[in-house]
Amino acid sequence: MFNSIVLDQWDRKPYFDHYLNQVRCTYSITANLDITLLINELKLKGLKFYPALIHMISTVVNAHREFRTCFDAEGRLGYWDEMSPSYTIFHEDNKSFSTIWTAFHEDFETFHNRHLEDMKNYKDHKQFVAKPNEPPNTFPVSSIPWVNFTGFNLNIYNEGTYLLPIFTMGKYVQQNDKVYLPLSVQLHHAVCDGYHAGVVFNELQSLADRCQDWC
């Protein structure tokens, strides 16, 4: 369900107006996640890494209204009750990629199984949108697993009204006895401040540290 926001009754109105209409502003931030415990737990249980990260990100997005705030197809400002991830998959044979969406479920095992089913059905569909009928309440996740980047920024040339977060993960590397994954998130300042960027990384790190509780 999409819930409309009454702008004149919204306590964020002056910030929203400034960063959307006065100084239109998006920004990105990249930081490392310590995934040492997570990697070990997933290997122990025979679970896949990519859907685990996607589920973690989706959990954080669905925990905070700011990450679900956007304009709908009719141009109304509001927020979704729940969002599902739309993510990229790579085709090794022709070096192209496709997008797939998987319906979110708070239970990781359920989501993991849904991901496996989607991969089984659509991984060989070599077109930009591999799985049809993507619902409007999705947000983008992508991966660049060939680069352990320290910064990443998307330059989107449109009207600057895309308000949802965009997540990009890189190549994880081992440093001494730790494993680190670079993750970039692009946010719109009209709905998310630096505090909210901190929420993303702090809550993802907490989920990674507590992986035995949910995976």
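What the table below lists for this structure:
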| quantity | calculated |
| --- | --- |
| Per-residue SASA entry for Val173, accessible area with 1.4 Å probe, Å² rounded to 10 | 40 |
| Given charges at beta-carbon only (K, R positive; D, E negative), |dipole| of region 100-215 in Debye | 440 |
| Straight-distance crosslink candidates among lysines, where the alpha carbon sits under 26 Å from Lys178 and sequence neighbours closer than 8 are dropped | Lys43, Lys45, Lys48 |
| Protein accessible area in region 118-189, 1.4 Å probe - carbon and sulfur % | 50 |
| Calculated [θ] (222 nm, deg cm²/dmol) that DSSP helices of n ≥ 4 give over the chain, each run adding -39,500 (n - 2.57) | -9000 deg cm²/dmol |
| Exposed-site-free run, longest, the chain (rule: chymotrypsin sites (Phe, Trp or Tyr not before Pro); DSSP loop; at most 10 other C-beta within 10 Å) | 1-127 |
| Accessible solvent surface per residue of the chain, calculated while the other protein chains remain in place, 1.4 angstrom probe, Å² | 53 |
| Listed residues Asp17, Asp124 arranged by accessible area, highest first, probe 1.4 Å | Asp124, Asp17 |
| In Å², nearest 10: area of Glu74 left accessible to a 1.4 Å probe | 140 |
| Helix axis angle, 36-45 relative to the chain longest principal axis, alpha carbon, degrees | 60 |
| Cα extents of region 1-50 along the three principal axes, largest first (Å) | 52, 29, 16 |
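The values are calculated or read from the model by the stated rules, or taken from the named source; none is laboratory data. Keep in mind the model is a prediction, meaning the values are calculated, not measured. Positions of Cβ are generated from backbone atoms using ideal geometry, with glycine treated the same way; all protein chains shown enter the neighbour counts. Please note that ligands, DNA and RNA were not included when accessible areas were found on the heavy atoms of the full protein model with its side chains. Shrake-Rupley method; radii C 1.70, N 1.55, O 1.52, S 1.80 Å.
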